[in-house]
Every structure is written in C-alpha cells, then in structure tokens.
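Input: a single structure, listed below in structure tokens.
The values are calculated or read from the model by the stated rules, or taken from the named source; none is laboratory data. Given the structure is predicted, the values throughout are model-derived calculations rather than measurements. Positions of Cβ are generated from backbone atoms using ideal geometry, with glycine treated the same way; all protein chains shown enter the neighbour counts.
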Amino acid sequence: MKLLRHRIEFGTSAPIQFVDVTAQVREWVAQSGVMNGLLSAISLHTTARLTLNEHDPALQRDMVAFLERLAPAKAPYAHNEHTVDNRDNAHAHLLSLLVNASETIPVANGDLMLGAWQSLFFVELDGPRTSRQVELQLISAD
C-alpha cells in the first residue's frame with residue numbers, strides 16, 4: 001500500500017461558483033499509476049466546499065440561485081460586524097454547513113469511479129478569490 005498526495009490550486013471569479021475539477025483530478029490519478037485505491041479530496045477553506053453533481057450549465061445556475069436564496073449575502077449577520085479579513089462572509093460560512101468539505105471516490109482501473117453524469121465540483125461560497133486549494137490523497141490498494 002502507498003499514499004500519494006497532490007494539491008491543485010486555482011482562482012475563482014464569482015461570489016458563488018461551481019468549478020469542475022474532475023479533469024484535473026482524473027489527470028493526476030492517471031499519472032500516479034495507481035490502478036485501484038481510494039481518493040480523498042478536501043477543500044482547504046471554510047467558505048468553499050466539494051460536491052459530486054451533474055455538469056450542466058443550467059443546473060449550475062439553478063444551484064447558485066438556490067444557495068443565494070438560502071443565505072443572502074446582504075442580510076444582517078452578527079459575524080459581519082467583526083470580521084477577521086474585512087470580508088462580509090457570514091452567508092458563506094452558513095452555506096458551508098450544507099455542503100461537504102470533502103469527498104471520497106473509489107479508483108478502479110486507473111480512473112475515478114464516477115457515475116455517467118457525476119463530476120467533482122469545488123463550490124466557491126465567498127468569491128471571487130485569487131487562490132483556492134484542494135488537497136488530494138490517494139491510497140493505493142495495488
């Protein structure tokens with residue numbers, strides 16, 4: 001058994017944004033040479049998360065609109081009265097309660113075991129941001 005680690009980094013361009021990171025993760029898994037194992041991916045941020053969902057632009061717009069309705073950015077939140085980084089982001093922290101910080105995906109035959117419509121999304125809840133990171137760990141069963 002072996003353990004491999006990798007970090008992907010990118011920026012985001014919208015207050016709430018779904019960034020499909022499936023291709024980057026698949027590429028790293030393929031390059032790792034691991035045929036069978038378990039991949040763990042975690043967002044390294046409290047106001048950004050990971051989720052598996054369908055890659056459909058209309059659905060992504062629906063998901064953004066849904067999250068905006070659940071916790072409006074301009075609502076009066078106590079957290080915004082004394083922020084540590086001058087960002088009024090209480091809404092992002094509240095939304096993060098609803099989305100996973102990490103996902104675990106089996107690897108078989110050198111590829112992610114995802115359903116036909118599944119993609120791995122980084123969910124930005126407090127953007128835009130110049131640097132966001134996802135940490136990957138791959139445990140090989142080979």
Pairs, first farther than 16 Å from Glu103 by Cα in the stretch 21-49, second modelled with pLDDT under 95 and outside any helix (DSSP H, G or I), C-beta under 7 Å, six or more apart: Val34/Asp142; Met35/Asp142; Asn36/Ala141; Asn36/Asp142
Positions within the stretch 47-57 being more than 16 Å from Ala90 (Cβ to Cβ) and part of a loop (DSSP other than H, G, I, E, B), in sequence order: His55, Asp56
Test result for Ala41, buried (at least 17 other Cβ atoms within 10 Å of the Cβ) and part of a strand (DSSP E or B): yes
Residues of the stretch 127-142 satisfying the condition of being over 17 Å from His6 (Cβ atoms) and either at pLDDT 95 or above or touching an Asp or Glu at 6+ places or on another chain (Cβ under 7 Å) (or both): Gly127, Pro128, Arg129, Thr130
Unmet criterion (only one of (1) under 18 Å from Leu125 (Cα atoms); (2) out of contact with any strand residue (DSSP E or B) (no Cβ under 9 Å at 6 or more places or on another chain)) for Asp56: (1)
Lone unmet requirement of (1) closer than 19 Å to Arg132 by Cβ; (2) among the acidic types (Asp, Glu); (3) under 17 Å from the mean Cα position of the chain (by Cα) for Asp56: (1)
Odd one out for Glu124 among (1) in contact with a helix residue (DSSP H, G or I) (Cβ under 6 Å, 6 or more places away or on another chain); (2) buried (at least 17 other Cβ atoms within 10 Å of the Cβ); (3) farther than 30 Å from Met1 by Cβ: (1)
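Within the stretch 98-112, track down each residue that is among the polar types (S, T, N, Q) and farther than 16 Å from Val123 by Cβ. Steps first, please.
Our first condition is that a residue be among the polar types (S, T, N, Q); within the stretch 98-112, this holds for 100, 102, 104, 109.
Thr104, Asn109 - these are the residues of the stretch 98-112 that are among the polar types (S, T, N, Q) and farther than 16 Å from Val123 by Cβ.
Right, Ala23: out of contact with any strand residue (DSSP E or B) (no Cβ under 8 Å at 6 or more places or on another chain) and crowded, with 17+ Cβ neighbours inside 10 Å or not?
Numbers: out of contact with any strand residue (DSSP E or B) (no Cβ under 8 Å at 6 or more places or on another chain): yes; crowded, with 17+ Cβ neighbours inside 10 Å: no.
Considered against the rule, which asks whether it is out of contact with any strand residue (DSSP E or B) (no Cβ under 8 Å at 6 or more places or on another chain) and crowded, with 17+ Cβ neighbours inside 10 Å, Ala23 comes out as no.
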Residue in the stretch 45-56 that is in contact with a helix residue (DSSP H, G or I) (Cβ under 6 Å, 6 or more places away or on another chain) and surrounded by 17 or more Cβ atoms within 10 Å (Cβ to Cβ) present: yes
